[in-house]
Amino acid sequence: MTDVSQTTGYIERLADTAAALTFSDLPDAVVASVGQRTLDLMGLCLAAAELPTSDAALRFATADGGLPQAHVVGHDVMVPARAAAFANGVLAHSLDYDDTHLPSVLHPSAPVLPAVWAAAERDHRSGEELILASAIGLELCCRLGMAGYDRDAGNSLFFERGQHATSICGAIAAAGAVAALRGADPATIADACGIAASMAAGIIEANRTGGTVKRIHCGWAANCGVSAADLAVAGITGPPTVLEGRFGFFQAHVGEFLDADALLDGFGERWDVPDIFFKPYPANHFTHAVIDAGIAAREQGITADDIERVTIGVAGPTVRTVGEPIEVKRAPETGYQAQFSAPFVFAAALAGGGGLGLALDDFSDERANDPDCRALMQRIDVVADVACDEIFPDQFPAVVTIDTRSRGTVVIERLQNRGGPGAPLTSAELARKFSDNAGRRLPADRIGGIVELVEGLARLDDVSTVFAATRP
């Protein structure tokens, strides 16, 4: 393990590497991955524009006016960079369709990329600069999450305490990314992260019992990232032991635990970015293998009328998110609640959906209240499964046992998630996802131009053209 007695603070060591990295240091796989995640997240922002919570976020972002520095994706408005980071972060995470890093179980792109986008557009940065800063931020986010992941327990200690690791780690990572984008020296990058640690926040009770506050978490983290970097450049400083100190970030959030190796080793040389999982379905990632099982059941000819009982086995730590309280999960009142319901996603996938298996229209309020889905949901239980526990959280597996009237008991196992390195989405599938999402906001003839801009991101002298292209 890393020697925690070394005098140089952990954030200082990370900042030294971040400041020294150049675009040419990035492996091709990292450059390609950042481009894919940029396109994916822009599609999610466009698709989320129609949500009432997005309208609320936009009104909040524009209420105080300010300099027109950066675009809100999919809107004909420019706002100060911090406000744009907030709005785009809200849009990016609102559909629960954004990527996931495993086993830390956090969503790196939604808090990090909107912060980089806003600062890059404000400062007229190049595509190479945007890609480099994005890669730094994504990698920092993954490593912060893994530093709070207990391998012996097989779970994130952030989540054990009800904390939203995505927004908490994302704020610090976004701050480091924006400071690096601005060409800050190592001390200023470290200060930016240290400042953001006093801003990072988020609890996940809304996953269990409702409320839309989780949709703003990544927006707030992105806002904090830009704000903290700007404050550091202006001269505010952070504690050099902000991460490992007695009253530092990890002590405050996960207690005595800190995996320093996961945080520090190989930073700038070993990259997790290409292995972050893309989401094929717009639902909580814990439900995805359940969706796959529902699709498989449909392909086998199993119908809801023939089902007597369904037992969905998932990893124990995920039951509280997708299966409890069971009476709530069997009767989601909104499409948003349905995204966190294992009974709903199985019923919906069995009935058949759009996109890559289930699409955004399958998570409408109307579909959540569909009588046929609800009737089946009442016959579905969600339990902890030992086989799933052994795999989680490197994957979010499911073992679904279906008791039928006509063919007895059918067991469907889905032990590996689509969208990760073991079962990657193809370029065509990612393009389908972007087109479906962007098409909810923009006409079809505009979508190809955005794809071309993002595919040529590294060649752009000023990334503003990418975000201007999303104006309706």
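The values are calculated or read from the model by the stated rules, or taken from the named source; none is laboratory data. Since the structure is predicted, the reported quantities are computational estimates derived from the model, not experimental observations. Cβ placement follows ideal geometry from the backbone for every residue including glycine, while neighbour counts extend to all protein chains displayed. For the accessible areas, the whole protein counts, side chains as well, though only heavy atoms, and no ligand, DNA or RNA atoms are used. Shrake-Rupley method; radii C 1.70, N 1.55, O 1.52, S 1.80 Å.
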Legend entry - Filter result for Val73 (in contact (Cβ under 8 Å) with a residue 60 or more places away in the chain, among the β-branched types (Val, Ile, Thr), within 21 Å of Ile172 (Cα to Cα) and crowded, with 23+ Cβ neighbours inside 10 Å): no
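Got a sec? Which helices (runs of 4 or more DSSP H) wholly within the range 354-472 have at least 2 residues that are charged (D, E, K, R) and over 19 Å from Asp96 (Cα atoms)?
Numbers: elements: 365-368, 371-377, 386-391, 427-438, 444-455, 464-468.
The helices (runs of 4 or more DSSP H) meeting that bar are 371-377, 386-391, 444-455.
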Legend entry - Of all residues making up the range 313-344, the number that are of a type outside the set (Gly, Ala, Ser) and either open to solvent by 20 Å² or more (accessible area, probe 1.4 Å) or part of a strand (DSSP E or B) (or both): 13
Inset, instruction - Tell me which of these Val116 doesn't satisfy, since it passes every other one: (1) touching a Leu at 6+ places or on another chain (Cβ under 9 Å); (2) under 17 Å from Gly202 (Cβ atoms). - result: (2)
Inset, instruction - Give the residues of the range 387-420 that are open to solvent by less than 60 Å² (accessible area, probe 1.4 Å) and free of Cβ contacts under 8 Å to residues at least 40 places away in the same chain, sorted by residue number. - result: Gly408
Inset, instruction - Looking only at the range 106-117, decide whether some residue is open to solvent by 10 Å² or more (accessible area, probe 1.4 Å) and at pLDDT 95 or above. - result: yes
Inset, instruction - Would you mind stating whether Glu128 is part of a helix (DSSP H, G or I), acidic (Asp, Glu), buried (at least 24 other Cβ atoms within 10 Å of the Cβ) and modelled with pLDDT of 95 or more? - result: no
Inset, instruction - Go through the range 65-77 residue by residue and tally those that are assigned to a loop (DSSP other than H, G, I, E, B) and in contact with a helix residue (DSSP H, G or I) (Cβ under 8 Å, 6 or more places away or on another chain). - result: 7
Legend entry - Contacts under 8 angstrom Cβ, first residue in the range 369-386 being over 13 Å from Pro332 (Cβ atoms) and at pLDDT 95 or above, partner basic (Lys, Arg) and surrounded by fewer than 15 Cβ atoms within 10 Å (Cβ to Cβ), 6 or more apart: Arg379/Arg309; Asp381/Arg309
Legend entry - Pairs, first under 23 Å from Ala61 (Cα atoms) in the range 108-136, second at pLDDT 95 or above and of a type in the set (Phe, Trp, Tyr), C-beta under 7 Å, six or more apart: Trp117/Phe467; Glu121/Phe467
Legend entry - Cβ pairs under 9 Å, 6+ apart, first in the range 257-279 and within 19 Å of Gly137 (Cβ to Cβ) and modelled with pLDDT of 95 or more, second surrounded by fewer than 17 Cβ atoms within 10 Å (Cβ to Cβ) and hydrophobic (A, V, I, L, M, F, W, C): Gly268/Ala20; Trp271/Ala29; Val273/Ala29; Pro274/Ala29; Pro274/Ala32
Legend entry - Output for the range 133-191, where each listed residue is buried (at least 24 other Cβ atoms within 10 Å of the Cβ), hydroxyl-bearing (Ser, Thr, Tyr) and not in a helix (DSSP H, G or I): Tyr149
